[in-house]
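The structure under discussion appears below in the form of structure tokens.
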Amino acid sequence: MPEGQKEILVRYLQTAREALLWKLEDASDYDVRRPLTPTGTNLLGLVKHLAYVELGYFVSSFGRELPVPSPFDDEDAEHNEDMWATPEESREGVIGLYHLAWEEAARTFDALGIDSEGRVPWWPVERNRVTLGLLLVHVVAETNRHAGHADIVRETIDGAAGLRDGVTNLPGDDYDWAGHVARVEEAAQRFR
């Protein structure tokens, strides 16, 4: 039987999930936690954020109770509480939370059709009625967006780059990256 739309979207979501987690491999605990942008973007925070994104969209939005407390439920929570790991949160714990979100999402995917309706309580009332299909597209896009952030953050840490494990999508080891960067810089300099 050919793959349906829901199955295709779930497959794309899983590919993006795995690409994101791959960015943590072989990086130190410090490197996965340290902020590398002016807004504090860090690898482990991206994973934590996406765990809560999936729990919110694929569990709460379909009337199920979350299996863990959400930082968004605490009125005193910092605005970006879900974007970084506290010293008490281990790498394994954050990755475990993400895997828990995958399991909870899979329960929703197994139980509901692509046209099943839900409600995103934090969206404006005029557009908070949604389908599972719409939320799958939304979360695939968000996960890929954050996987792209992770690509840049990881490359900044140690130069590790590539699409996902086993698929680098980059030229071979003998490619002249310094020469490439110099050409790009030279072209940019013409617009100073």
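So that you can scan it fast, the table gives a plain yes or no per residue for (1) of a type in the set (Lys, Arg); (2) farther than 22 Å from Ala16 by Cβ; (3) surrounded by fewer than 13 Cβ atoms within 10 Å (Cβ to Cβ):
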{"position": "Glu126", "(1), (2), (3)": "no, yes, yes"}
{"position": "Asn144", "(1), (2), (3)": "no, no, no"}
{"position": "His149", "(1), (2), (3)": "no, no, no"}
{"position": "Asn169", "(1), (2), (3)": "no, no, yes"}
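Of the residues Arg107, Arg64, only one is in a loop (DSSP other than H, G, I, E, B), under 30 Å from Gly4 (Cβ atoms), open to solvent by 40 Å² or more (accessible area, probe 1.4 Å) and among the charged types (D, E, K, R); which?
It is Arg64.
It is to be established whether one or more residues within the stretch 112-124 are surrounded by fewer than 16 Cβ atoms within 10 Å (Cβ to Cβ), among the charged types (D, E, K, R) and part of a loop (DSSP other than H, G, I, E, B).
Checked the stretch 112-124: at least one residue is surrounded by fewer than 16 Cβ atoms within 10 Å (Cβ to Cβ), among the charged types (D, E, K, R) and part of a loop (DSSP other than H, G, I, E, B).
Which condition number in (1) touching an Asp or Glu at 6+ places or on another chain (Cβ under 7 Å); (2) open to solvent by 60 Å² or more (accessible area, probe 1.4 Å) is the one that Thr131 fails?
Here Thr131 clears every test but (2).
Taking the condition over 18 Å from the mean Cα position of the chain (by Cα) and assigned to a helix (DSSP H, G or I), does Glu186 pass? Full working, then the answer.
Working: over 18 Å from the mean Cα position of the chain (by Cα): yes; assigned to a helix (DSSP H, G or I): yes.
Spelling it out, Glu186 is indeed over 18 Å from the mean Cα position of the chain (by Cα) and assigned to a helix (DSSP H, G or I).
From Val94, Val53, grab the single residue that is of a type outside the set (Ser, Thr, Tyr), without any contact (Cβ under 8 Å) to a residue 60 or more places away in the chain, assigned to a helix (DSSP H, G or I) and surrounded by 13 or more Cβ atoms within 10 Å (Cβ to Cβ).
Details: Val53 fails: without any contact (Cβ under 8 Å) to a residue 60 or more places away in the chain.
Unique residue meeting the criteria: Val94.
Kindly indicate whether any position in the stretch 138-155 is over 19 Å from the mean Cα position of the chain (by Cα) and not in a loop (DSSP other than H, G, I, E, B).
no
Given the conditions (1) surrounded by 16 or more Cβ atoms within 10 Å (Cβ to Cβ); (2) at pLDDT below 95, report the number of the one that Phe191 does not fulfil.
Checking Phe191 against (1) surrounded by 16 or more Cβ atoms within 10 Å (Cβ to Cβ); (2) at pLDDT below 95, the one that fails is (1).
Return a yes/no flag: does the stretch 58-74 have any residue that is of a type in the set (S, T, N, Q), in contact (Cβ under 8 Å) with a residue 60 or more places away in the chain and touching a helix residue (DSSP H, G or I) at 6+ places or on another chain (Cβ under 7 Å). Even if it seems obvious, please write down each step before you answer.
Applying the first criterion (of a type in the set (S, T, N, Q)) to the stretch 58-74 yields 60-61, 70.
Add one more test, that the residue is in contact (Cβ under 8 Å) with a residue 60 or more places away in the chain, and what stays is 60-61.
Now restrict to residues that are touching a helix residue (DSSP H, G or I) at 6+ places or on another chain (Cβ under 7 Å): 61.
Yes, the conditions are met somewhere in the stretch 58-74.
Could you please let me know if Pro35 is part of a loop (DSSP other than H, G, I, E, B), open to solvent by 20 Å² or more (accessible area, probe 1.4 Å) and modelled with pLDDT of 95 or more? Steps first, please.
On the way: part of a loop (DSSP other than H, G, I, E, B): yes; open to solvent by 20 Å² or more (accessible area, probe 1.4 Å): yes; modelled with pLDDT of 95 or more: yes.
When the stated conditions are applied, Pro35 passes them.
The values are calculated or read from the model by the stated rules, or taken from the named source; none is laboratory data. Computed from a prediction, not measured in an experiment: that's the story for all the values here. Here Cβ is always computed from backbone atoms with ideal geometry, including for glycine, and neighbour counts include all displayed protein chains. Only protein heavy atoms, including side chains, enter the accessible area calculation; ligands, DNA and RNA are left aside. Shrake-Rupley method; radii C 1.70, N 1.55, O 1.52, S 1.80 Å.
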